[in-house]
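Below is one structure, written out as structure tokens; comments come after it.
A short reminder: the numbers here are calculations on the coordinates, not readings from a lab. Just so it is clear, the model here is predicted, and its values are computed rather than measured. Cβ: placed from backbone, ideal geometry, glycine included. Neighbour counts: every protein chain shown.
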Amino acid sequence: MRILLVEDDVVLGDAVVQSLVNATYAVDWFRNGKDGVLAAQSQTYDLVLLDLGLPFLTGFEVIQRLRSGKQSVPIIVLTANDNPDDIVNAFDMGADDYLIKPFRLPELAARIRAQIRRVNAHYSSKITIGPLELDTKEHSVHLNGEKLNISPREFSLLETLANKCGKLVTKEALIESLCNWEQDIGQNAIEVYVHRLRKKLGDGEVCISNVRGLGYIMEQKKT
């Protein structure tokens, strides 16, 4: 899952980013409304976390531009502004949720999950491919009933491949799913993570195949 955070409070932004990264989300963080809009228009996000009191463009203006551009991405407003009229205005303009600062990070995480479930009507936290089971809520992986020791980035990469099981996933797509724009993860790092995952998957029914020069495919071997 890829999240766009538009927040100019550095302390809060750092805390939110760290919390979401620990939950295996990929996060792009921008500190003004103008950059936030440009990011949302050039990338695909699963959810937007948006402050209202932003430089250059206010949060209201960001909502307006995203919705006028026919973007249906869920938007959760994060603000210290508890004015009832502004809350109503935000919802009327297209916000999906409104969280008053200060808030607890576990509550934010729960609201994010709720919005993602709402968008994905048939949402299931589990992805099953033969004997391999990923639980995206618990961030756990089991193979033949045995729990695997998987790092957060390995989990994100495995989840991306599993969601596209049987289809090619380019190295560029894997890099994008793993990292923030401010982080530098290259194709060599992807190869390292894939190598680790292959060792953990072993020689069983599920494998990650290399398509030379293009990317990888997760497949269930035919018996």
> Given the convex hull of the Cα atoms of segment 62-133, what is a quarter of its surface area in nm²?
Replying inline: 6.5
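How large is the convex hull of the Cα atoms of the chain per residue, expressed in Å³ as a whole number? If you can, show how the numbers build up before the last one.
Numbers: hull volume 29.1 nm³, N = 223.
Here the figure is 131 Å³ per residue.
Whole-Å semi-axes of segment 1-104's equivalent ellipsoid, largest first, each the root of 5 times a Cα gyration tensor eigenvalue?
Calculated on Cα positions only, the semi-axes equal 19, 17, 12 Å.
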>> Only four residue types carry charge here, +1 at the Cβ of Lys and Arg and -1 at the Cβ of Asp and Glu. Report the dipole size of the chain about the Cα centre in Debye, rounded to the nearest 20.
In response: 1020
> Within segment 18-158, what is the number of lysine pairs with alpha carbons under 27 Å apart, leaving out pairs fewer than eight places apart on the same chain?
Replying inline: 6
> How would you order 126-134, 54-62, 163-171 from highest to lowest mean count of nearby Cβ atoms within 10 Å?
Replying inline: 54-62, 126-134, 163-171
>> Placing one identical point scatterer on every Cα of segment 91-149 and ignoring solvent, what is log10 I(q)/I(0) from the Debye formula at q = 0.15, 0.25, 0.29 Å⁻¹?
In response: -0.62, -1.03, -1.15
